[in-house]
Amino acid sequence: MNVGIALGNLGFAMANPMAPEDHAELCCRLAEEAERLGFHSVWVGDHVALPLEPTTPYPYGTGALLNARVSLLDPFAIHAAVAGRTSRVGLGFGVVVLPYRPALVTAKLVATIDALSRGRVILGVGAGWLPEEFAAVDVDFATRASTTDAYLRCLLRAFEDGVVDGMTVLPTTVQRPHPPIWVGGNGPKAMRRAVELADGWDAPYVDPGQLGPSIATLHSLCNEVDRDPTTLGLSVRGIMFDVVDADLLANYEHLGVTEIGVMLPVGDPPRAFDALAELATVDGTTRDSGRPPSMTDDAPVDLPADRHERADVMFQRVMGTAPPAQARESLTHDHVFGDLWSRPNLDIRTRRVVSMVCAAMVGADLPLRSHLAAALRTGDMTIDELREVGLQLGHYGGFPLGVNFAIALQAVEGSLEQPG
């Protein structure tokens, strides 16, 4: 289960006004702490302006009228700042109200933050619900659904091709062909939009007991467009931290939910950080928070000082020529595999491979053997699949790397075959 943390950039949970600079800093610090604790992602919401005398209740949760006198920090600006203060955690938008901004402007903002974060954006989109806010930004409320569909199609073209209607929209996103896209909203139009155009459906404020009928509808919509329902992610956001436990996660997971979004008591910052730490102790809420051991261990590894020279001699003997000149510094893990590892939504097999190749590239034999052994013990990869990794490593990274990988794999295989 992927667990995301709402940063509270929209200050509805704050009983007492907070200075804007303190509010912004709180969002960034919560993001840093969420990353340190190993949470999957951090999320921001989207409102531009609120009516002083609201008449339209919030369509989710308790259906309250929103307090207009709260700080509404811009979601794009917050995630641009968070991108510079974190390195791994996913940066989720939950959700951007697409009709509020021209599609090309949104495409530019998203692609820029994806670049700043080295490919960590998760884009949630919605059609919006507040008529007064639509009027304030001079957008037609009645046509918001069709506008959202058109803008989302435009975003997809911009992200993938960088060209829309004869105009370049560059850069394209780091993640190819586009960042993960989630559609938020419990209505039928939102669900159809998710099935036809997105990677996942976000059902806000829905408990497990209410979710079953919606999932049945979602699967029916998938059948209509010949889409495999298992290719569509399912998330639930707006869950208060104090109701999250292992049983709740298990209930959601049983229904096929792949991600949940949790709200903290951000109106009381010390309590918010305590709640985040408590949440991290619940089984299933966090994952390995760091990069692979070969990327995080500062302790020196006991390796032969001349290992690179011996590998070069082996290359010379086998290939009959000197190894190609290449700056080993350009192959270091932080610059090559650090960027890949930091991207959200990597499955465990991919992370295993990244860890192995990273360790092999920097000559960290002990971490390499640890990753190989873990992959075999857990059944994440077979011995034949690991041999293929070694062959590809040798092909693309140089013969000595492939040989050293094979030696490590042979040693691990032998140790696992020994009784006891």
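Using DSSP to define loop residues, name the GluC sites (Glu not before Pro) in the stretch 1-68 whose beta-carbon has at most 13 other beta-carbon atoms within 10 Å.
Sparse-neighbourhood loop GluC sites (Glu not before Pro): none present.
With +1 assigned to the C-beta of every Lys and Arg and -1 to the C-beta of every Asp and Glu, and no other charges, what is the dipole magnitude of the stretch 2-49 about the Cα centre in debye, to the nearest 20?
140 debye
Net charge near Leu409, counting Lys/Arg +1 and Asp/Glu -1 over other residues with Cβ under 9 Å of its Cβ?
So the environment of Leu409 carries a net charge of +1.
Nearest 20 debye, what's the magnitude of the dipole of the stretch 9-119 about its Cα centre given +1 on Lys and Arg Cβ and -1 on Asp and Glu Cβ?
That gives the stretch 9-119 a dipole magnitude of about 260 debye.
How far, in nm, would the chain grow between Asp165 and Leu52 when pulled straight, counting 0.36 nm per residue and subtracting the alpha carbon separation?
36.7 nm
With label points built 7 Å along Cα→Cβ from the Cα atoms of Leu255 and Thr378, find their separation and express it in nm.
2.8 nm
For a quick check of your reading of the filter: which trypsin sites (Lys or Arg not before Pro) in the stretch 25-110 sit in a DSSP loop and have no more than 10 other Cβ atoms within 10 Å?
Here the trypsin sites (Lys or Arg not before Pro) that fit, given the DSSP loop and packing criteria, are Arg69.
Would you grab the residues whose amide H sits under 5 Å from the one on Gly233? Only those 5+ places off in sequence or on another chain, please, with H modelled 1.01 Å from N.
Sorted by chain and number, the residues that satisfy this are Gly200, Trp201.
Can you tell me the alpha carbon radius of gyration of the stretch 2-279 divided by the globular rule-of-thumb value 2.2 N^0.38 Å?
For the stretch 2-279, the normalised Cα radius of gyration comes out at 0.96.
Pop out the Kirkwood hydrodynamic radius of the stretch 225-273 from its pairwise C-alpha distances, inverse of mean 1/r, in Å to one decimal.
With all distinct Cα pairs of the stretch 225-273 included, I get 12.6 Å.
Ratio to report: Rg/Rh of the stretch 1-71, with Cα atoms as the point set and Rh obtained by the Kirkwood method; give two decimals.
Rg divided by Rh gives 1.02.
In 10 Å bins starting at 0, how do the alpha-carbon pair distances of the stretch 192-264 split up by percent?
That works out to 20, 53, 23, 5, in percent per bin.
Report the local net charge at His23: Lys and Arg +1, Asp and Glu -1, summed over other residues whose C-beta lies under 14 Å from its C-beta.
-3
In whole angstrom, how far apart do the alpha carbon centroids of the stretch 1-63 and the stretch 249-267 sit?
16 Å
Identify, among Gly233, Leu130, Leu152, the residue whose Cα sits farthest towards the positive end of the charge dipole of the stretch 129-234, taking +1 on the Cβ of Lys and Arg and -1 on the Cβ of Asp and Glu, with the dipole about the Cα centre.
Gly233
Mean separation of Cα pairs under 8 Å and 6+ residues apart, divided by the residue count of the stretch 2-279: what relative contact order is that in percent?
19 percent
Can you give me the distance in nm between label points at Glu25 and Leu66, each placed 7 Å from the Cα along the Cα-to-Cβ direction?
Going by the 7 Å Cα→Cβ label model, 2.7 nm.
Rule-based calculations on the coordinates, nothing more; no lab input. Quick caveat: nothing in here was measured; it's all calculated off a predicted structure. Quick reminder, even Gly has a Cβ in these numbers, built from the backbone with ideal geometry, and neighbours come from all protein chains shown.
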